[in-house]
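Since every read-out is calculated from the coordinates, none of them should be taken as a lab result. Not measured: the values here are computed from a predicted model. Quick reminder, even Gly has a Cβ in these numbers, built from the backbone with ideal geometry, and neighbours come from all protein chains shown.
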Amino acid sequence: MRTNYRVNSGTRFHVFSKDQLEQLFWDTLHILEYTGLDVHHEEAREILKKAGAWVDGIRVRLPSYMVRKALSMAPRSFTLWARDGDPKKNIHIGPGRAYFGPGPTCPNFIDPYTLERRPYVKGDAELVAKVVDALPNIDFCESLGSISDVHVDLSALYEFAYMFPNTSKPIVAWSFRWDDSEAIHKIAITEAGGQEAFERRPNYVHYCEPVSPLVSTFEALDKLIFAARHRVPLVFTPCPIAGATAPCTLAGLIAQAAAESWMGLTLAQTIAPGLPFFMGGVTSILDMQTMIFSYGAPELALAECGLTELAHYAGIPLWNTGGCTDSKTLDEQAAIEGSFSVMAAALCGGDLTHDVGYTESAMTGSLFQLCMMDEAIGWSRRVTRGIEVNEETLAVEVIKSVGPNGHYLRHPHTRKFFKTEFWYPTLCDRHNYEEWSAAGSLPMRERVIAKVREILETHTPPPIKKETRDVIEKVLADAEARVKSTDTKKK
Amino acid sequence: MEVHKVNYEVNATPTLQILTEDEIEAIYFSSLRVLEETGVRCYNPEGVDILHAHGAHVEDKNLVKVPSWMVERARSTLPKKVTVVGMPDKDGKRKYRMDLVKNSAYWGTGSDTPYTIDPYTLKRRRSTYQDVKNLAIIAEALPNIDFFMSLGITQDTAVGTYDRWQYLAMLEGTNKPINITAVDVEGLRDQLEMAYIRLGGKEEWKKAPAFSLYIEPVSPLSHDPIVIGKLLFCCDNDIPFVYTPCPQAGATAPCTLAGVLVQALTESLFGIVLSQLRKPGAQVIIGGLLSQMDMQTTVMAYGSPEMALLSAAYTDITKWLMVPMYNTSGCSDAKMFDEQAAMEATLNTFIAGLIGGNMIHDVGYIESGLTSSPDMLVACDEIIGMVKRFLQGIPVTRETVPLETIDQVGPGGHYLGTDHTLRHFKTEFWKPVLMDRLDWDRWVKAGSKPMRERVHQRVLEILQAEREPLFDEKMYKELRRICELADERHKGEEMGIGIV
Amino acid sequence: MSKILEQLATAIIEGDIDNTPKLVQKALDEGLEPLSILNDGMVMGMNEVGRRFKAGEMFVPEVLMSAEAMQAGLKILRPLLVSSGAKLLGKVIMATVQGDLHDIGKNLVGMMCEGAGFEVIDLGFDVPAERIVQAVKEHKPDIVGLSALLTTTMRQMAYTIKALEEAGLRDKVKVMVGGAPVDAEFAKKIGADGYGSNAAAGAELAKKLVGAA
C-alpha cells in the first residue's frame, strides 16, 4: 500500500512564481487606483461612483478594495451549456482546463471551394458553425468573419442567426449595440426555454472589447451592461499592442491588459454579482519592421500564458488567444505559429482560447487553419494529459513476463491500453513512404482541404426548436425594418 | 529610495514538469526491480565478466541480474555534467561548446538516415558523402544548431567502413561538436585517431572531447556484443557516449508510458553500471528515442505527442538522477517538409525546450527517421529560435512593469516614441527570419510565397555561398588516409554490394 | 454460406482465440469439408480483418489477435488438410540476420503471415547464414523471410542468399527481405524475390510468392 504519494494530473507549467504574480496583481490594482481609465459611458460612471469609484470627468479610478470585491464575486468555475444539452459539448470552465474555438470579425474569408481570399459573406457563418460542430477539439463557436453582404449594422446579428442552428456548441457572440444584443439574446433564450432557464443554463457568451491603452468605450460598456442585466456570461477583452498601445515589455503589457479587463469586471459584478466573467486580451506585439499586430509571434503565446496565470491568481477565467498566424496562406508558417500558441494555451490551461483559424494577422478567417489546428489541439491535449504512474502502468510484472528480447504486441496489457494511451492522428500521416506515395504523395494541406469539404458535405448539426427558427426569422425581419427606417430618417 | 526585495522567488524562465518526485522515485525503483529480478541479456562476454566479478548474478551465460546497490554505487561516480567542445577554427580556437548539465538545452541533428531529400531536385534518394557534407555545412551556418550528427549514411562509400568516411564528411562541413556512430570498435578507434589529427594531438582531446559516440541497447532489455565493446572502448579512452534505447510502446516496450520509462531507464542504467565499473567517472548520457509503434501503420512514430511527452518525462527523471539527458525533437512522420512536418516539429521542439534537457537530437528528420531533409533542418532552426524566445520568460521588475510610463502615456495615448519602448523593443521582440509578417498587398507583390519556398531558398543560399575549407589540404589527406587504410583492410568483405 | 462458417469468420475477426477452435470442431462435426471451413470461413474472416486494418478501423493488437485465432483453428484443420491432399499456403522461415538484434519487424511479419494461414518457423535474431541454410534443409519451407535494421547488416542478406545458392537450395525457396533501410531496388540487387515495405505488405508478398494472391 503506497501512501504520501503525490502525482501530477497532467503536465505542470508555470511562467511566473507566486511572488511575481502577487507583484503583478498589485501593480494592476495600482494602475486602476492611481492612473485609472477613461470611461466613455455616463451610466457606467454613475454605477461605479455609487459603488465607491473616484470619478473626475470621464476618468475613473478604482480603489483596490472595489476590484478585489468584484474578483471575489466572480466565479472561477461554471458551465457553458450546449444548446441541445449534449454533455460532450458542454464546457466546464474551471482550474486546469483549456477549451478552444475560432475568433470573430475578420473582413476576409478563404473560400473553401475556390481557395480564393474574398470578403466574408452570409453563408460563411453557417459553414464555420458546421465545421466547429464537427471538429472534436473545437469546443465553442465564433464566426471567423464580419458579414459584408448585409446592412453593416446587422452583420453581428446575421452571424449569430446563421451560426446558432448549425452548431450546438456554445457560441461566443459579439454585437454592435443594445439592439442587436437584444435580438441575439431573444434567439438564445427561446432555445433555452425562457430567460430563467437560460440563466440556469447559459448557451452563449457575450463578447465586448475595450480599447488600449486604458479606455472603456461607450459601445463596450453598453454591451457589458446589457449582458450583465440579462445575466449573459461575459468576455471583456482588450487587444493591447506591445510597443504601440501598451508597454513593449511583456510584464507591463500584461498588467495593462488586466487593468483594462478589471474595469469591466468591476462594473459587471456591481450590476450582476456572480456573473461569469472572462478577462481577456489578445496580448501581442507590434512588428517593428512591418508594423502589423502579430498573431504568430512567440511573444503572443508567452504573454497569454502570463496573463492566464494572473487571471487564475486573481480567481477568474481567461479569454485566451491561439491557433492563429500571420501567414497569408495554408502553409508551414501557419502550422508552426498556430501550433506554437495552441500548445502554450493547452499548457497554461486557460480557459477559452479563441482566434483558432485566424490567418493574415486576423484579416482573414480560414476553415483550413481551423481544421489543421484541431489536429494540433488534439496533439497538445495528449501531452498535457501527462503520464499516469501507478502499479499497473509501471508494468513491472509485464516487463518480467515478456523478458529480454521478447515483444509486447500480443500481451493483454497492450490490448488493454493501446487505444487510450496513444493519440491517433487524423491529418498527420504516419504511413510509410511506399503507402504514402501510393496514396498520391499528398502534403498535409491537401488532406486538410479534403477534410473541410467532407465535413461541409456530410455533417448534419443537431436541429434547433421550431419556435427558435421562427424567432430567428422574426428578429431578422424586425432588424431589417429597423435599419431601413433609421436609414430613411438619416436621408 | 528603491528598496531591494527580499523573500521573493523569481521564475527567471518558464518551468515545465511532467512527473512529481514521488512518481520519479516510483519509476526508478521499478527499474531497479527489473534490473535485479528480470535482468538483462548482455551478449558481450567481457562485459558479463566485469559485472559478474563485481557482484552481478549471471544466469544462462548472458542473463545478467544487477542488484540495486551496484546501481547506487555506480551513480556515486557518474559525472553530473558532460562537456563536448567542437573543432578548432583557423585561429586555433574551439568556439562551439556544449555543457550538458541539468536544465541546459542544446539542439542538434539526427544520425544515419538511409535517405535524404536532394536539395536541387527535391527527390528522395539514398544519401551520399556529399549529402552528409552539405547537411553539415547547413548545420554550421544555422545559429540554433549546437551539434551535428550525420543526417544520412554515406552509401557511396564502402559499407563496412562507411563510418570513417561519414566522419570525414562531417569534419569537412562543420566545426560544431559531433555525435558519431561507429560500425565497430575498430571504426571507433579510427575515428578517434582522425579526431586527434584534426585537433592537433591527443592532448587537445584530453582538454575536452570533440565528439561523443551514439550507441544503443536493443529493447527489450538486450545488449549487443559489438555495442558493449564500443562502450568499454569509450570508457578506456575518455569518449563520452550516449547509451539510449529506442523502445516502441506496445511492441518492444510496455504500452503504458510509465512502463516505457521503467524499461528504458533499466536499459540505460545497465550501461551506467558497466561503464562505472570499467572506469569510475566514465561520461555517460542517457535518454533515448522513446515512442510508440503506431498501431495503425506499424511505423515507429517520431512526430507523436507520446514521443514528446515521454522525452519530457524522462528528462524529469534524468534531472533527479543528475545525469545528462539525450532528448529528441525537430522530427516528424511526414514524408516531405509540409504543414505536418512543421506542426510536429514545432510541438515537440517546444516541449523539449520547456523541459530543458540537454542534448536534443533528430532535428531535420522526416519520414519517421528514415529520411533527412535540408528544408526541415533550416525550418527547425527558426522554430528553435521561437522556442528560445519563449524560454526567456517574462521578467517582472519595476522596469518591465513601468507604472510611471503607463501613467504618463495615460488612457488613449501611445507608446511608440516613449523612452521605455526605445529601450526595450530590440531585446524584447524576437526577429523572425523565415516567418513572413507582411500585409497582404506586400506579400502578393513579393510573389505570394508559402514558407516552404523561403525555406528552400535559404537552403540553396547556404549551399551556394562561398566558403573556405575548414582545414588545409595536408590535413585532409591525413584524415582521408585513415579512411583508405580501413577500406584496404576490409576490401574482401564488400562482395560488391555497394548500396548506391 | 452456412451459419457456422459465418460464426467462424466472426470469431476470427473478433480475435476469439477460445471460440475459434470450438467452432472449427463444430463445423467438422456438422460434416463440412476442411477446405471449405478454411476458405469459406476463416479466410473470409481474415480478409475482412485485412480490409479493416487498411481502412484504419482495426489496430495492430487486434489484427494479431485475429492471427492467433486463425492459428488456433488451423491447428485442428492442418493435419486433416494435409491428409486430404489439399494445398496449404505453406511454410515460412523467418530470421533477423547475423549481427542484428532488432527483430520486432521480423516478429510482426511472422505473425501477419500466420494470420494469412502460413506455418511460420521463427529462427530469431542474429542468425548466421549457415543456420538459415541448415533450417531450409531441415524444414523445406516455401519462403525464407530475412530482416535487417542496419545498413551494415543489410549485407548479411546478400551473404545468406549467396549461401543458399552455394548449397543448391536457392531455386527451392523464395526469399523475401524487409527492414527500415531496405527497399525494392536493394532487394533486386541482391537477388531476392521480393521486398515488403511493412508487415502487412510482407504477408501479402508471401501469399503472392506462393501463388495464392
request  = Find the eigenvalues of the gyration tensor of the Cα atoms of the stretch A:224-358, then list the square roots of 5 times those eigenvalues as equivalent ellipsoid semi-axes, largest first, in whole angstrom.
outcome  = 27, 16, 13
message = Quick check: the distance between the Cα centres of the stretch A:217-233 and the stretch A:80-121, to the nearest angstrom?
response = 22 Å
remark   = Given B:430-442, B:257-269, A:265-277, the highest-first ranking by average Cβ count within 10 Å works out to B:257-269, A:265-277, B:430-442
request  = Return the aspartates and glutamates within reach of residue C:91: Cα separation strictly under 14 angstrom, same-chain partners fewer than 8 residues apart disregarded; answer none if there are no such residues.
outcome  = C:114, C:119, C:122, C:138, C:142
query = Taking the stretch B:1-62, which trypsin sites (Lys or Arg not before Pro) meet the DSSP loop condition and have no more than 12 other C-beta atoms within 10 Å?
reply = B:5, B:61
ask   = Which angle between 0 and 90 degrees, to the nearest 10, do you get for helix C:60-83 versus the longest principal axis of chain C when only C-alpha atoms count?
value = 80 degrees
message = Tell me the angle of helix C:19-29 to the major Cα principal axis of chain C, expressed in degrees between 0 and 90 and rounded to the nearest ten.
response = 60 degrees
remark   = A chain fully extended from residue B:122 to residue B:472 at 0.36 nm per residue, minus the present Cα-Cα distance, gains in nm 122.8 nm
note = Most exposed to least, judged by fewest other Cβ atoms within 10 Å, A:29, A:157, B:403 sort to B:403, A:29, A:157
ask   = With the radius of gyration and the Kirkwood radius both derived from the Cα set of the stretch A:187-249, what is their ratio Rg to Rh?
value = 1.16
request  = At 7 Å along the Cα-to-beta-carbon direction for both residue A:467 and residue B:489, put a label point, then send me their distance in nm to one decimal.
outcome  = 9.0 nm
inquiry  = Give the average, rounded to an integer, of partner chain Cβ atoms located within 10 angstrom of each Cβ in A:287-300.
reply    = 5
request  = Calculate the translational D of chain A in whole µm² s⁻¹ from Stokes-Einstein, where the hydrodynamic radius comes from the Kirkwood formula applied to all Cα pairs, the temperature is 10 °C and the viscosity 1.306 mPa s.
outcome  = 67 µm²/s
ask   = Local charge sum around residue B:218 (other residues, Cβ-Cβ under 15 Å, Lys/Arg +1, Asp/Glu -1)?
value = -3
Rg ratio (alpha-carbon, reference 2.2 N^0.38 Å) - the stretch A:18-72 = 1.18
Relative counts (whole %) of C-alpha pair distances in the stretch B:1-114, using bins that are 5 Å wide = 2, 7, 10, 11, 12, 12, 15, 11, 8, 5, 3, 1, 1, 1, 0, 0
remark   = Whole-number value, in Å³ per residue, for the convex hull of the alpha carbons of the stretch B:47-134 is 230 Å³
note = For residue B:491, the lysines lying under 27 Å Cα to Cα, once residues fewer than eight places off in the same chain are dropped, come out as B:133, B:230, B:474, B:477, C:162, C:188, C:189
inquiry  = More than 22 angstrom separation, counting every C-alpha pair in the stretch B:402-476; what % is that?
reply    = 60 percent
Gap separating the Cα centres of the stretch A:376-402 and the stretch B:269-297, nearest whole Å = 19 Å
remark   = Computed Rg/Rh for the stretch C:3-83 (Cα atoms; Rh = Kirkwood radius) stands at 0.98
note = Rounded to 0.05, the calculated FRET efficiency for the beta carbons of residue A:197 and residue A:151 at R₀ = 25 Å is 0.20
Computed E for residue C:184/residue C:212 - FRET, C-beta separation, R0 22 angstrom, nearest 0.05 = 0.60
key: Cysteines without a disulfide-compatible partner [chain A; Cβ-Cβ under 4.7 Å]   = A:106, A:141, A:208, A:239, A:248, A:324, A:371, A:428
remark   = Quick note on A:399, A:91, ordering by fewest other C-beta atoms within 10 Å, gives A:91, A:399
message = Neighbour counts of other C-beta atoms within 10 Å: give me B:150, A:148 arranged from fewest to most.
response = A:148, B:150
request  = State which entries of C:87/C:174; A:89/A:122; A:451/B:335; B:90/B:202; B:81/B:207 exceed 21 angstrom in Cα-Cα distance in the structure shown.
outcome  = A:89/A:122
request  = Report the residues of the stretch C:65-87 in range of a label on residue C:52: point 7 Å along Cα→C-beta, backbone N strictly under 14 Å from it.
outcome  = C:65-70
request  = Report the GluC sites (Glu not before Pro) located in the stretch A:111-165 that are in a DSSP loop and have at most 10 other Cβ atoms inside 10 Å of their Cβ, or state none.
outcome  = A:116
note = Site residue A:437, offset 7 angstrom along Cα→Cβ, radius 12 Å on amide nitrogen, limited to the stretch C:167-192, gives C:183-186
key: Residue-count net charge about residue B:13 - beta-carbon cut-off 12 Å; Lys, Arg +1, Asp, Glu -1   = +2
ask   = When the Cα centres of the stretch A:1-69 and the stretch C:175-213 are compared, how far apart do they sit, in Å?
value = 67 Å
query = Once the other residues with Cβ under 10 Å from the Cβ of residue A:60 are scored (Lys, Arg +1; Asp, Glu -1), what is the net sum?
reply = +2
task = Output the relative contact order of chain C, whole-number percent, from Cα pairs under 8 angstrom with separation of 6+ residues.
result = 17 percent
Pairwise FRET efficiency - residue B:95 versus residue B:457, Cβ, R0 = 45 Å, nearest 0.05 = 0.95
note = Scoring the stretch A:369-491 by relative contact order with C-alpha pairs under 8 Å, at least six apart, yields a percentage of 31 percent
ask   = In degrees from 0 to 90, rounded to the nearest 10, what is the angle of the helix A:250-271 Cα long axis to the longest principal axis of chain A?
value = 60 degrees
key: Inter-probe distance in nm under a simple model that places probes 7 Å from Cα toward Cβ, at residue B:422 and residue A:485   = 5.7 nm
ask   = Do any of A:223/A:490; A:88/A:465; A:130/A:484 go past 28 Å between their Cα atoms, and which?
value = A:130/A:484
query = Expressed as a whole percent, how much of the Cα-Cα distance distribution for the protein assembly as shown exceeds 43 Å?
reply = 45 percent
ask   = Taking a spot 7 Å from the Cα of residue B:58 along the direction of its beta carbon, which residues of the stretch B:18-37 have an amide N less than 18 Å from it?
value = B:36-37
